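The values are calculated or read from the model by the stated rules, or taken from the named source; none is laboratory data. Since the structure is predicted, the reported quantities are computational estimates derived from the model, not experimental observations. Note: ideal-geometry Cβ built from the backbone for every residue, glycine included; neighbour counts use all protein chains shown.
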Amino acid sequence: MILRSHPKQMSSVATGGNGSNLSYGTTDAVAAQFFLKNVHPEMRNAANDLFGHPESLHAQPNVFGELMRVLISPSADVEEAVKWVLGNGVDPDISLHMRMLTNRSVRAVQAAVKCIRKVVNSLNLTSRPKTVIVSDTPSFAKTITPNISEFAEVLYFDYKAFRGNISHDVNRLPSLEFRAKDWGPAPRWVAFVDFFLASRAKHAVVSGAFRRVGTTYAQLIAALAAANSLGDNSTDLSFSFLSSFQSNLLTGGLRLQVGWGHVWNRFAGPLSCHHQSHQCAFTPLLPPAWWDGLWESPIPRDINRLAAFGVHLSGFGTVDENRLQSFCSSKKNSVKTSLII
């Protein structure tokens, strides 16, 4: 197979100073911007049809959720574990993901409980709602359960009590203690069970954390849950993805929501929310992949980073289209050919 790339068919964010294509080795959402910021209107229009217009975050299509619904499914062992948790087979109404990094933040728990209660009150269910809890800190589920069980049934995967085929092989897996601080002490396969368990939520996914809210893991859970809930035969057109922020995350705005893979890092600049007691924020299922529209308020580091690619941002997050076109037009025409065996 021969792959050919033409720099002038891409936007300036896709080309380096010598006309080389920077899409090689791209592993994050920046790749989508090679099309959304394309200099050719036809390409940009096609990208907007696929990813939605950046000015309407909540009207964007659930692209990755629908792709996952078609392309991925749990293995038989993971499916067995999910069914073991659900017991009677009834899907949960709400899922809560909390990335705690072994922290014991009381305020994070309080904010998440308020957010779940808000969802429950909006559903008007006739039966006691079921809430699934997943976290990188296994003990967290037991910590928050008494707070939620007052108004909802709580479920979580206790991998130590599970006696399925996966658990029998745990002792033969290599030790990964060096990642315990980041991913928690549970075996890696537990994350897959938690993922498919949480993505069975029928009405809402809530994301919380002691520090960074709305990680990629939570985003993918919400996207797949929404696709499952709003599937081909569904009559329910309501699904919510919510982010719960506690007061210390809002004191200085969302300045801690930076780094790759966090849905709110595009809103961490000077225009971010300040001095609120808590926030249960509606979150787009398809988060902005770059600084695409008003009010995204990028931080200075990212403004400078984008300027190197010819993308000049205002303090409101808008792009100077004239300078983008000029920068891209100045690129040297070249063709790079790669042979893939």
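Report those helices (runs of 4 or more DSSP H) wholly inside region 1-95 carrying at least 3 residues which are at pLDDT below 80 and not aliphatic (A, V, I, L, M). In region 1-95, the matching helices (runs of 4 or more DSSP H) lie at 30-36. Just a yes or no: is a residue in region 145-153 in a strand (DSSP E or B), surrounded by 13 or more Cβ atoms within 10 Å (Cβ to Cβ), under 25 Å from the mean Cα position of the chain (by Cα) and in the same structural domain as Ala226 (by TED's automatic domain parsing)? The answer is no, given that none of the residues of region 145-153 is in a strand (DSSP E or B), surrounded by 13 or more Cβ atoms within 10 Å (Cβ to Cβ), under 25 Å from the mean Cα position of the chain (by Cα) and in the same structural domain as Ala226 (by TED's automatic domain parsing). Determine whether Pro138 is surrounded by 15 or more Cβ atoms within 10 Å (Cβ to Cβ) and closer than 16 Å to Val206 by Cβ. Judged against the criteria, Pro138 is not a match. Quick check: is even one residue across region 107-123 surrounded by fewer than 21 Cβ atoms within 10 Å (Cβ to Cβ) and at positive phi? The answer is no, given that none of the residues of region 107-123 is surrounded by fewer than 21 Cβ atoms within 10 Å (Cβ to Cβ) and at positive phi. Quick check: is even one residue across region 267-277 hydroxyl-bearing (Ser, Thr, Tyr), assigned to a loop (DSSP other than H, G, I, E, B) and assigned by TED's automatic domain parsing to the domain that holds Tyr217? Yes - at least one qualifying residue is present in region 267-277.
Looking at the structure I just gave you, is Gln257 part of a loop (DSSP other than H, G, I, E, B), modelled with pLDDT of 85 or more, surrounded by fewer than 22 Cβ atoms within 10 Å (Cβ to Cβ) and not small (Gly, Ala, Ser)? The answer is no for Gln257.
Within region 113-144, the residues that satisfy the criterion of being among the basic types (Lys, Arg) and free of Cβ contacts under 8 Å to residues at least 60 places away in the same chain are Arg117, Arg128, Lys130, Lys142.
Only residues that are over 20 Å from His262 (Cα atoms) and in contact with a strand residue (DSSP E or B) (Cβ under 9 Å, 6 or more places away or on another chain) were counted in region 128-145, giving 9. Scanning region 314-341 for residues that are basic (Lys, Arg) and not in a helix (DSSP H, G or I), we see that the one that is nearest to Glu55 (Cα to Cα) is Lys331.
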